[in-house]
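Step one of this worksheet: look at the structure below.
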Amino acid sequence: MNDRIILRITDLIGSPLCISAEDGQKVFEKLAPLIREGKKVDISFDRVTMLISLFLNAAIGQLYGSFNEEQIHSQVTITGLAEDDLDMLKRVEVNAKNYYANPKKYDQAWKIENDDEE
Amino acid sequence: MRKPVPTIRTNREGFNSLAGIAKNADQINFEKIELDFSSCAFFEANMAAPFYAVLSHFYENLNDVTLLNIPSGIEMILCKNQFLKQFDRPVKFDTYQTTIPFKKFKKSAGEQFSEYLNLNMDEHGIPKMSPGLTKKFRQSLFEIFQNAAYHSESDAGIFTCGQFYPNMHKLDFTIADAGIGIRDNVRRFLKFNISSRHAIKWALEEGHSTRSGNQPGGIGLKLIKDFIEINKGKIQIISRFGFYEFSTMGEVFEKMENDFHGTCINIEINTNDTSIYYLRSEVVR
């Protein structure tokens, strides 16, 4: 038996458009249990024609809230992404790590005294 | 009730004027509203999107809206971009292929938005960009569209329209909704008061998102801003009393006099840049 599970994005979400958080959530809900079970997963973005950060935040970024970086990188391989989309994925991952490390630390800094502007 | 429609360009004054048309719209019910274009010297066609967002506030309260005294040049372009189809005017053929039609989408219509872009964006004078940069432009439009779908909380829909201005070498694509706006979303999230323009500033920070649930987000607008900087184009964000603009001239956050009930984002692409260029990630080392 092949010890790597192949997760084809277009088959899972039924579309070549990776543009919604809901579809990203479907990917996350398939991935997370597999990682938890110690499985190795190949995520294939072959035949995807549009990919945005909104989808990646939910599909991949969310993993950083449940698993550490070493676990994700050792068990998950991503294929089929162009170089500029890989750049976007890296930004999504950095953002996710920052988010889960410091969810709301700096929000109060935005509170301006007497900001009565509409 | 008659209200004047002044000259509308894609600038602070134009957005402020559109917002002014719907002043007190929430208190007007079952009326016949006549929008008078007598004093409108020019109406930039892509502004049909935020214009419709403004009109939808009248429709919400079951008012009837008619447009009067539209100068012939303005009527022509608004027929060509199919906006006046909403008012039973016939569509006119766009000889020079400079319009990207006005269209209303349901919030769930991501696939239809994709088809609309495929149909209307090619061979419309979009600059000769590398495939990577063309892709970034479309990704930007999807980021904006999907953000509107989630954050607007409005069933009125999402309104889009584009216009190529060959003499000025620019292409404007405008996406608008008539929803709750960035300010109230951010106020609800932060649990304190923040002004419209500061709320836009907050939303532009990488990593800031009002999306509920324990999920990271908030990099879409930053990705778009980075793309616009490379292209030397412009992005404008208008929501409630806030007006934001980023271009080669710098960054501006201003308060408008009038309240734009909803959110509008306009991306302006510089089409004068005819050289083929690559994003940093595409450069061969």
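At a glance:
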| read-out | value |
| --- | --- |
| Which listed residue, of B:K103, B:K80, B:K107, B:K85, is within 14 Å of another protein chain (Cβ to nearest Cβ) and among the basic types (K, R) | B:K107 |
| Options B:K201, B:K234, B:K225: the member that is farther than 26 Å from A:V94 by Cα, touching a strand residue (DSSP E or B) at 6+ places or on another chain (Cβ under 7 Å) and modelled with pLDDT of 90 or more | B:K234 |
| Number of positions in the stretch B:83-106 that are surrounded by 20 or more Cβ atoms within 10 Å (Cβ to Cβ) and at pLDDT 95 or above | 4 |
| Hits in the stretch B:18-42 (condition: among the aromatic types (F, W, Y) and modelled with pLDDT of 95 or more) | B:F37, B:F42 |
| Residue check, B:G262 away from chain A (no Cβ under 12 Å), small (G, A, S), touching a residue at least 40 places away in the same chain (Cβ under 8 Å) and in contact with a His (Cβ under 9 Å, 6 or more places away or on another chain) | yes |
| When residues of the stretch B:47-69 are limited to those that are in a loop (DSSP other than H, G, I, E, B) and of a type outside the set (A, V, I, L, M), the one nearest to B:D26 (Cα to Cα) | B:N61 |
| Residue match in the stretch B:107-116 (condition: of a type outside the set (D, E, K, R), closer than 18 Å to B:R2 by Cα and surrounded by 19 or more Cβ atoms within 10 Å (Cβ to Cβ)) | no |
| Long-range neighbours under 7 Å by Cβ, at least six apart or interchain, first residue more than 8 Å from chain A (Cβ to nearest Cβ) and within 16 Å of B:V186 (Cα to Cα) within the stretch B:214-243, second hydroxyl-bearing (S, T, Y) and not in a strand (DSSP E or B) | B:S239/B:S196; B:G242/B:S196 |
| Residue ID - farthest from B:N270 (Cα to Cα), chosen from residues in the stretch B:148-207 that are of a type in the set (G, A, S), within 14 Å of chain A (Cβ to nearest Cβ) and over 15 Å from the mean Cα position of the chain (by Cα) | B:S195 |
| Residues satisfying the stated conditions in the stretch B:205-237, i.e. within 20 Å of A:W110 (Cβ to Cβ) and surrounded by fewer than 20 Cβ atoms within 10 Å (Cβ to Cβ) | B:E205, B:E206, B:G207, B:T210, B:R211, B:S212, B:K222, B:K225 |
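The values are calculated or read from the model by the stated rules, or taken from the named source; none is laboratory data. The structure displayed is predicted, hence computed values, not measured ones. Glycine also receives a Cβ, built like all others from the backbone with ideal geometry; neighbour counts cover every protein chain displayed.
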